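The values are calculated or read from the model by the stated rules, or taken from the named source; none is laboratory data. Computed from a prediction, not measured in an experiment: that's the story for all the values here. So basically every Cβ, Gly included, is an ideal-geometry build from the backbone, and we count neighbours across all protein chains shown. These accessible areas exclude ligands, DNA and RNA; they are computed on the full protein's heavy atoms, side chains included. Shrake-Rupley method; radii C 1.70, N 1.55, O 1.52, S 1.80 Å.
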Amino acid sequence: MAKVLVVTGGSRGIGAATARLAAERGYAVCVNYLHSQAAAHGVVDSIVQAGGRAMVGDRPRAIAVAADISLEDEVLRLFQTVDEQLGPLTALVNNAGILEQQRRVDELDAARLNRVFAANVTGSFLCAREAVKRMSTKYGGVGGAIVNVSSVAARLGSPGEYVDYAASKGAIDSLTIGLAKEVAAEGIRVNAVRPGFIYTDIHARGGEPDRVERVQSAVPMQRGGQAVEVAQAILWLLSSEASYTTGSFIDIAGGK
Ligand code: NAP
């Protein structure tokens, strides 16, 4: 049976590393993105180049699909595109996520809170819903695996930086625990990774591109992490090597 994976936010950072590694491990991959069309197609091109050809049988090895996961219509279109172009879904990595400028809680407004929760929480719920509808034996599927990308922020709280973001990741942890139990008897495993300080563009969006350098001395391993180090844990959780693991978390944070 073909392995078919959706990686939300697969154009850059942890999502791009996950998409590339998944393709190496034999998945047909949908690289979802919001705005970075060139970067998303670059990930697809690198997958095709590494695999030697664009098609596996009559299906593409990888596709790029623009969709804002915070919007229900766009999520529906994303998963329909995967049905049509890649075939039956077997895995989802709920990776897309945002944070905004570093602020204290007493400086946050409702519009910002709604943006952060819509992208990080609503988006992950909607994508999980569509994946369950396709993979659950309850709906005639053959099972599958979901990995949610949470953050150590869920347990550290990100004071003075973005408590809203940390709280959205707390919600992802609860989603992981609850959904894992809901669908455990329907052939679907649901787990999460909690990255620490990883070298990606996300920190620039918070207003501090060099944040990892600033905080790395507070990490027991004294360094930031690479996106591929997160991708490796995600791929293990998706794989049959994790066949008895559900509702679990792997922290990839150098001991933080
Ligand atoms: P990143 O480099 O900023 O990449 C974010 C990705 O998400 C991009 O592909 C972006 O698409 C996509 N995206 C954002 N909003 C979206 C939306 N509404 N719909 C669809 N796609 C959307 O971030 P990253 O550091 O790799 O983070 C990936 C995940 O890891 C996030 O959930 C983040 O919270 C989590 N995480 C990161 C760190 C870290 O230190 N980097 C630590 C803990 C957790 P475009 O390219 O089109 O904008």
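Within segment 93-108, being open to solvent by less than 90 Å² (accessible area, probe 1.4 Å) and either charged (D, E, K, R) or within 13 Å of the ligand (Cβ to nearest atom) (or both) holds for Val93, Asn94, Asn95, Ala96, Gly97, Ile98, Leu99, Glu100. In the set Gly178, Gly206, Gly141, Gly196, only one residue is open to solvent by 30 Å² or more (accessible area, probe 1.4 Å) and at pLDDT 95 or above; that residue is Gly178. Within segment 210-231, being touching a strand residue (DSSP E or B) at 6+ places or on another chain (Cβ under 8 Å), closer than 14 Å to Arg20 by Cα and open to solvent by less than 10 Å² (accessible area, probe 1.4 Å) holds for one residue alone: Val230. Kindly indicate whether Gly144 is small (Gly, Ala, Ser), touching a helix residue (DSSP H, G or I) at 6+ places or on another chain (Cβ under 8 Å) and within 16 Å of the ligand (Cβ to nearest atom). The answer is no for Gly144. If the condition is being closer than 11 Å to Cys127 by Cβ and assigned to a strand (DSSP E or B), then segment 76-93 contributes Leu92, Val93.
Just name the residue that is nearest to Gly87 (Cα to Cα) out of those in segment 41-65 that are among the small types (Gly, Ala, Ser) and open to solvent by 40 Å² or more (accessible area, probe 1.4 Å). That would be Gly57.
Residue pairs whose Cβ atoms lie under 6 Å apart, separated by 6 or more positions or on different chains, with the first residue in segment 180-197 and at positive phi and the second away from the ligand (no atom under 16 Å from the Cβ) and open to solvent by less than 30 Å² (accessible area, probe 1.4 Å), are Gly187/Gly143. Every condition in (1) hydrophobic (A, V, I, L, M, F, W, C); (2) closer than 14 Å to Leu238 by Cβ; (3) open to solvent by 50 Å² or more (accessible area, probe 1.4 Å) is met by Ala38 except one, and the failing one is (2). Considering only segment 109-138, state which residues are open to solvent by 20 Å² or more (accessible area, probe 1.4 Å), among the polar types (S, T, N, Q) and either in contact (Cβ under 8 Å) with a residue 24 or more places away in the chain or within 17 Å of Gln80 (Cα to Cα) (or both). Selection gives Thr122, Thr137. Taking (1) more than 11 Å from the ligand (Cβ to nearest atom); (2) assigned to a helix (DSSP H, G or I) in turn, Met221 satisfies each apart from (2).
No other residue among Val212, Val230 is in contact (Cβ under 8 Å) with a residue 24 or more places away in the chain and within 11 Å of the ligand (Cβ to nearest atom) apart from Val230.
For segment 40-75, filtering for residues that are part of a helix (DSSP H, G or I) and under 21 Å from Ala17 (Cβ atoms) leaves 12. All conditions in (1) more than 9 Å from the ligand (Cβ to nearest atom); (2) within 27 Å of Glu107 (Cβ to Cβ) hold for Leu179, with the sole exception of (2).
Taken over segment 78-108, the criterion of being touching a residue at least 12 places away in the same chain (Cβ under 8 Å) and over 19 Å from Ala19 (Cα atoms) is satisfied by Leu99, Glu100, Gln101, Gln102, Arg103, Arg104, Val105, Leu108.
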